[in-house]
1. Residue check: is residue 153 closer than 19 Å to residue 103 by Cβ and not in a helix (DSSP H, G or I)?
2. Cβ-Cβ under 6 Å, sequence separation 6+ or interchain: first residue in the range 50-70 and part of a helix (DSSP H, G or I), partner among the basic types (Lys, Arg). Which pairs?
3. Kindly indicate whether any position in the range 89-109 is modelled with pLDDT under 95, farther than 24 Å from residue 30 by Cα, polar (S, T, N, Q) and surrounded by fewer than 17 Cβ atoms within 10 Å (Cβ to Cβ).
4. Give the residue that is modelled with the lowest pLDDT, with candidates limited to residues of the range 149-191 that are small (Gly, Ala, Ser) and surrounded by 14 or more Cβ atoms within 10 Å (Cβ to Cβ).
Amino acid sequence: MSYSYWILVVAQLGHAQVGKDIGDFVKEHQKREREVMTRLQDPKLWNDPKQKDSLLEHIAAARAIRSRSFIPILVPHLTYSPFREGNAYMTIEERYPAMAVLLEVGTPSVPALIDVLKKADPDDDPIKNIVLERKGNGTGALEHGVALHCLVGIYSQGGAGKELAKLRIEIEINTAKDLDKMFLRRALGNGIFKQ
């Protein structure tokens, strides 16, 4: 938890028993975090359309908690969308709610997002796979794109999102090998950096 977070907590409590109340608050906060983590680790929650509302409630709680412990749970679900079709007025964070949590967690999410950029094939697109008669599960391009948008979004919180994201990817390219390096280079060629 950040220092400013705890200052906000103290300000909200605003009375003489601050020490006791903060201790109780921290315990309750940790308990809630464990509950949300346990629930988000359940594959049934992600796979059962009947549990969509419960899933979205737990994702909203994770977003409010902003703990780095959610990163390994949510990165595999980065492209989960509760909506069958997009909406022109929907933000990318609304469409992919796990991304919204990673944005709130901030820079601790960056290494996991870089790993997605290294592993997700930006050419693995369902339409291209059909047209070119090639194999692939068709999710690589989406994973790559959402991870890249999330990375830029995280760095945008400091004001220079595209420049810092590009620099971070360039740094990773220096140590990457083979496909990882190729996929990272493809990220640098993404249209998000040309806008």
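1. On the way: closer than 19 Å to residue 103 by Cβ: yes; not in a helix (DSSP H, G or I): no.
The answer is no for residue 153.
2. If the second residue must be among the basic types (Lys, Arg), the pairs left are 58/39.
3. yes
4. Taking the range 149-191 and keeping what is small (Gly, Ala, Ser), we get 153, 156, 158-161, 165, 176, 187, 189, 191.
Remaining after also requiring surrounded by 14 or more Cβ atoms within 10 Å (Cβ to Cβ): 153, 156, 161, 165, 176, 187.
Details: 153: 94, 156: 91, 161: 88, 165: 93, 176: 91, 187: 91.
Result: 161.
The values are calculated or read from the model by the stated rules, or taken from the named source; none is laboratory data. Since the structure is predicted, the reported quantities are computational estimates derived from the model, not experimental observations. Using ideal geometry, Cβ is built from the backbone for each residue, glycine included, and neighbour counts are taken over all protein chains shown.
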